[in-house]
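One structure below.
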Amino acid sequence: MTFQQTSTARASKSSLFLRSQMRNIAPFATLILLLIFFSIASPSFATIDNASNILTQISVTGIMAVGLTFVILCGEIDLSVASIANATGIVVAYFTLQESYVNIANIPVAGWLAVALALAACTGLGLVNAFGTTVIGIPSFIMTLAMMQIGAGISALLVRGQIAYNVPDIVSTLGASNVGGFPTIALVLLAFLLVGHVTLTYTRFGRYIYMVGGNREAAEYSGVNVKLILGAALVICAVCSGIAGMVGVAHFGSAQQNEFDGYLLDAIAAVVVGGTSLFGGRGGIGNTIVGLCVLGVLNNGLDHIQIDSFLKILIRGLILLAALIVNVYVQNIRSVERAEGA
Amino acid sequence: MTTDPLDPSDTPRLQMQGISKSFGGVAALRDVDFTLRAGEIHGLVGENGAGKSTMMKIIAGVHTDYEGKMLIDGKEVHFRSARDALAAGIGMVHQELSIMPDLTVGENVFLGKQPVTGAGIIDWRSMMSGAHEQLKSLGIDVDPKTRMGDLPIGLQQLIELARVIFSGARIIILDEPTSALSPPEVQLLFDVLKGVRASGRSIVFISHFLDDILSISDTVTVFRNGKLIVTHSVEGIDKGWLIERMIGAGHEDLEESYTGTITLASKPGQPVVLAAEHLGYGRAYTDVTFDVKAGEILGIYGFMGCGQIELARTLFGKIKADTGTLAIDGRKRRLRNTTQARAAGIAFVPENRRSMLFYEQPVYKNVSISILGRISRLWLKPNVERAIASKHVESLSIRPPRAEVALGALSGGNQQKVALAKWLTHRPKVLVLSEPTRGMDVGAKDDVVKIVRALRDEGLAVIVVSAEPETVLSLADRVLVMKKGRIVREFTNETISKDRLLEAA
């Protein structure tokens, strides 16, 4: 009798654990399945070279996704990441001496100053996002939608349909070189992931991010300055996007309008596919890493197998949909448990 | 205008016979016989938890599982849903209005059954003129094109009442209809209700405001501890008569001993910690002036919706008062957000635990969140957090006694203790508690009372805000009574009983 009770208790406990870990397990299982599938389907997929390729391909998305993780953990969204990246990349090129055939009325300054100005630009845009969302009270979805357009506008005005090629040396070193055969842009990504993870997990600010996302009202009633935390998350996200934009411009070898258009969806997808809750409070950089890998493997793997390139877009959409379903479904399980427990 | 063929015979409109209902083994209603005649206004009084609202929820088809018989116009009915009840002519106006503030008055009156033209398009003209006529027939003169949210609460309530009437309801249940109304608005409501009564409809009028009950009802019924104590014509009875029956003469049925008379003690020698002067906030409260001294528990009592909830939030910087000043330790403070309030030495536990706690997080993170800034500057120190939480878990005997457990796994009383524990590590100067014992069992209540008294004895100034007289009486050293947004009475250095408290409010 006693034994039976404990064994059923244990069984329900372990199933409870499995269910509570669903958020982390599902994306990881997806990644493993994709890896197995592409390894079998294409002999050129599972190689060291290709692994390095994938890592390089996800770098720009990844740096943005780190910042976005902060915002989504707060239960907010930033739709302006790609646009801020584009604007910042163009700003840094605008302040760099270009070849004579580049027809842009730019203002060349010293490399460090150009980088500083670009950083100031993305910080400024992030501050506008933060101000609009917290002080004025515009929902972040709408505020950053406007910022998306503003960033695009800044980009368009600075290059006026032209393409710039040169960026300061420090940026090109970070974005487009190798250290012992290892792409530096991937190192930048790893550094961002590491700092992001440490910040979220081991600092007071990181704890506040999770608490504000978990129950904003309770955070406020505990004396947490919720607006400050939300604003800081939006600024961090904008700065991450700006740096992604700078190294991205170096990586692509050019700065032009609409260069990062596909990256908004990828960055959001990476965070959400990884299992970070869209409602805030759950997830983290670990989840974002898995999400990035899923996206990177998927994009790269689809190139390795013979498939209609137009079908690729649809497949990506379906995978994202599946991830969203899991994300919301897991959230529902939790809220049902909470209702029963209370 | 909907006119029902009204029953001329003497068959009661509604009869409830031998109704019993329990929730999880706890009896909420015990063998209640209740009769509602056609064309009467029937007042319903009783304390919180006396069974009034359970009874009304059975009538309105919300609770479908009960013992006993229910008859409408002599015919037995058993509703399976609120929709059933609505179809049978039972309408309810809740305390929280269910109006659409962004729609017009006309749209609100016709909500869910807008008149349409032959083409299936909403017939705005007949909707507006219909609404105007119907409202006028009740003596409510409002332009039906006005946006609902722009009207004062009193009118909104009347329009919701109108909607219920025009939906064909013959039995109308009003839950605390006067709690948010000003005296002229109450008068208007009463005029409308008299008209409704004249049309032969029956009204159940639930209220804590005994004066209102006595002035509008024909008959009044008192509930206590799930039993119907008495039904009496309103002729020849007064407030004292009602209160006596609401509380029970010998208190024989009440589990709490402190509902009798207690002597309040004030602390004249102690320094004033918090002083509020002429605070006012919108329609919620006006000209509130009081102070609280170190080592004193100040109780603020008032019926639901009298502004005490908003006042508590103002003290913690969640709501910014429109007028008046707040001083802490003699220094004037403008609290712009909760962070500043915390820094000024104020702690707050809201009435709703959900808005205070993080259910998915372990107990220790719940405890540490409000003192994180003192434990660590940049890097978290989880071991310190756990140690602090474990200390509180032990001293407050929180069950299960582990700081790692997710908060959601704790019982309500234990969750409340965690909510208190948040503020115990670095003592605030003022602790503001809103409904600290709401919904708790007796044991947990006693624990909370002990904890709060211990804090008081250590020199903390405590403010307890509650709509439950027991809560205030069990804790307070001094009591302020709020009524419709104003402080109307102060009890200090005297003997106070529940009747006197209720009478003042």
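The values are calculated or read from the model by the stated rules, or taken from the named source; none is laboratory data. Because the structure is predicted, anything quoted here is derived from the model rather than measured. Here Cβ is always computed from backbone atoms with ideal geometry, including for glycine, and neighbour counts include all displayed protein chains. To get the accessible areas, we keep the full protein, side chains included, count just its heavy atoms, and leave off ligands, DNA and RNA. Shrake-Rupley method; radii C 1.70, N 1.55, O 1.52, S 1.80 Å.
Suppose R0 equals 51 Å; then what is the FRET efficiency for A:Leu324 and B:Glu277 from their Cβ-Cβ distance, rounded to the nearest 0.05?
Numbers: r = 53 Å, r/R0 = 1.04.
With a Förster radius of 51 Å, E is 0.45.
What do you get for the angle between helix A:22-41 and the principal long axis of chain A? Use alpha-carbon atoms, 0 to 90 degrees, nearest ten.
Orientation of helix A:22-41: about 60 degrees from the principal axis.
Inside 10 Å of the C-beta atoms of B:365-374, what's the mean count of C-beta atoms belonging to other chains?
Mean partner-chain Cβ count within 10 Å for B:365-374: 4.
Just the number, please: buried accessible area between B and A, total of both chains, 1.4 angstrom probe, nearest 100 square angstrom.
That pair of chains buries around 2700 Å² in total.
Stretched out fully, how many nm does the piece from A:Ile25 to A:Ala156 gain, at 0.36 nm a residue minus the Cα gap?
Taking A:Ile25 through A:Ala156 to full extension adds about 42.9 nm, to one decimal.
Highest first, please rank the peptides A:162-168, B:71-77, B:299-305 by the mean number of other Cβ atoms sitting within 10 Å of their residues.
Values: A:162-168: 20.6, B:71-77: 14.1, B:299-305: 23.1.
In decreasing order of mean packing, A:162-168, B:71-77, B:299-305 become B:299-305, A:162-168, B:71-77.
Using modelled amide H (1.01 Å from N, peptide plane; none on Pro or chain starts), what sits under 5 Å from the amide H of B:Val432, excluding residues fewer than 5 places away?
B:Ala347, B:Phe348, B:Val349, B:Ile463
Run the quick spin-label model on B:Asp457 and A:Ile315: label points 7 Å from Cα toward the beta carbon, then report their separation in nm to one decimal.
Once both label points are built, they end up 7.3 nm from each other.
At 1.567 mPa s and 4 °C, plugging the Kirkwood radius over alpha-carbon pairs of the stretch B:100-167 into Stokes-Einstein gives what diffusion coefficient in µm²/s? Could the numbers behind the result be given before it?
Details: Rh = 11.8 Å.
After rounding, the answer is 110 µm²/s.
Label points 7 Å out from Cα along the Cβ direction at B:Ser182 and A:His304: separation in nm?
Once both label points are built, they end up 7.5 nm from each other.
Report the calculated FRET efficiency for B:Glu503 and A:Leu194 (r = Cβ-Cβ distance, R0 = 60 Å), to the nearest 0.05.
0.35
If you count the DSSP beta bridges with both ends in the stretch B:38-193, what percent of them are antiparallel, to the nearest 5?
Roughly 55 percent of the DSSP beta bridges within the stretch B:38-193 come out antiparallel.
Work through the residues other than B:Ile172 whose Cβ is under 12 Å from its Cβ and net out their charges, Lys, Arg +1 and Asp, Glu -1. All intermediate terms of the calculation are to be shown ahead of the outcome.
Numbers: positive: B:Arg13, B:Arg163, B:Arg170, B:Arg197, B:Arg201; negative: B:Glu40, B:Glu160, B:Asp175.
With Lys, Arg at +1 and Asp, Glu at -1, the net is +2.
Starting from the Kirkwood Rh over alpha-carbon pairs, what translational D in µm² s⁻¹ does the stretch A:49-260 have by Stokes-Einstein at 25 °C and 0.890 mPa s?
Numbers: Rh = 17.5 Å.
So the translational diffusion coefficient is about 140 µm²/s.
Fully extended, how many nm does the chain gain between A:Ile163 and A:Phe141 (0.36 nm per residue separation, minus their Cα-Cα distance)?
Computed gain between A:Ile163 and A:Phe141 is 4.9 nm.
If you place +1 on the Cβ of every Lys and Arg and -1 on the Cβ of every Asp and Glu, how big does the dipole about the Cα centre of the stretch A:49-260 come out, in debye to the nearest 20?
In debye, rounded to 20, the stretch A:49-260 gives about 320.
What percent antiparallel are the DSSP beta bridges of the protein assembly as shown, to the nearest 5?
Taking every DSSP beta bridge with both residues in the protein assembly as shown, the antiparallel ones total about 60 percent.
What order do you get for A:277-286, B:359-368 when each peptide is scored by the mean count of other beta carbon atoms within 10 Å, highest first?
In decreasing order of mean packing, A:277-286, B:359-368 become B:359-368, A:277-286.
Report in % the part of the accessible area of chain B that belongs to carbon and sulfur, leaving out ligands and nucleic acids; probe 1.4 Å. Can you show the working numbers first?
Numbers: 10490 of 21250 Å².
Heavy-atom surface of chain B belonging to carbon and sulfur, 1.4 Å probe: 49 percent.
Would you calculate a helix-derived [θ] at 222 nm for chain B, using -39,500 (n - 2.57) for each DSSP H run of n ≥ 4 and dividing by the full residue count, to the nearest 500?
One gets -9000 deg cm²/dmol as the mean residue ellipticity at 222 nm.
Taking amide H atoms as placed 1.01 Å from N in the peptide plane, list the residues 5 or more away in sequence, or in a different chain, whose amide H sits under 5 Å from that of A:Thr203.
Residues meeting the amide H criterion: B:Leu380.
Taking amide H positions as placed in the peptide plane 1.01 Å from N, state which residues far from B:Glu468 in sequence (5 or more) or on other chains have amide H under 5 Å from it.
HN-HN under 5 Å from B:Glu468: empty list.
Mind jotting down a quarter of the surface of the convex hull over the alpha carbons of chain B, in square nanometres, one decimal?
26.8
Need one value: the accessible area of B:Lys484 in square angstrom, 1.4 angstrom probe, rounded to the nearest 10.
Approximately 70 Å² for this residue.
Can you compute 3J(HN,Hα) from phi for each residue in the stretch A:238-243, using the Karplus curve 6.51 cos²θ - 1.76 cosθ + 1.60 with θ = phi - 60°, rounded to whole Hz and x for Gly and Pro?
5, 5, 4, 4, x, 5
Please compute, over every Cα-Cα pair in the protein assembly as shown, the percentage with a separation greater than 48 angstrom.
38
If you take every DSSP beta bridge fully contained in chain B, what fraction is antiparallel? Give it as a percent rounded to 5.
Roughly 55 percent of the beta bridges in chain B run antiparallel, per DSSP.
So for the pair B:Lys391, A:Asp261, with labels modelled 7 Å out along Cα→Cβ, what separation do we get in nm?
Label at B:Lys391, label at A:Asp261, 6.1 nm between them.
Any idea which of B:Pro428, B:Gly139, B:Val449 is furthest toward the positive side of the dipole for chain B, if Lys and Arg beta-carbons carry +1 and Asp and Glu beta-carbons -1?
Towards the positive end, the residue furthest out is B:Pro428.
In the stretch B:110-252, what is the count of Lys pairs whose alpha carbons are under 27 Å apart, counting only pairs at least 8 residues apart or on separate chains? Numbers along the way, then the final one.
Numbers: B:Lys113/B:Lys136; B:Lys113/B:Lys145; B:Lys113/B:Lys194; B:Lys136/B:Lys145; B:Lys136/B:Lys194; B:Lys145/B:Lys194; B:Lys194/B:Lys239; B:Lys227/B:Lys239.
Count of close lysine pairs: 8.
Give me the inter-chain shielding for B:309-320: mean count of other chain Cβ atoms within 10 Å, whole number please.
That works out to 1 on average.
Placing +1 on the Cβ of each Lys and Arg and -1 on the Cβ of each Asp and Glu in the protein assembly as shown, which of B:Phe290, A:Gln98, B:Leu158 has its Cα farthest towards the positive end of the resulting dipole?
A:Gln98
Using a probe radius of 1.4 Å on heavy atoms only, what accessible surface per residue do you get for chain B? Whole Å² is fine.
Dividing the accessible area of chain B by its residue count gives 42 Å².
Can you pull the mean other chain C-beta count within 10 Å for peptide A:209-221?
6
Let me have the 222 nm mean residue ellipticity of chain A computed from DSSP H runs of 4+ only, each contributing -39500 (n - 2.57), with the sum over all residues rounded to the nearest 500.
Mean residue ellipticity at 222 nm (helix-derived): -24500 deg cm²/dmol.
What would the Debye equation give as log₁₀ I(q)/I(0) for the stretch B:354-505 at q = 0.12 Å⁻¹, counting only Cα atoms as equal point scatterers?
-0.57
Evaluate the charge dipole of chain B about its Cα centre and quote only its size in Debye, nearest 20, assuming +1 on the Cβ of each Lys and Arg and -1 on the Cβ of each Asp and Glu.
The calculation lands at about 2320 debye.
Would you please give the FRET efficiency between B:Leu378 and A:Ala51, computed as 1/(1 + (r/R0)^6) with r the Cβ-Cβ distance and R0 = 45 Å, to the nearest 0.05?
So the FRET efficiency works out to roughly 0.80.
Give the carbon-plus-sulfur fraction of the accessible surface of the stretch A:49-260 in %, rounded to a whole number; probe 1.4 Å, heavy atoms of protein chains only.
67
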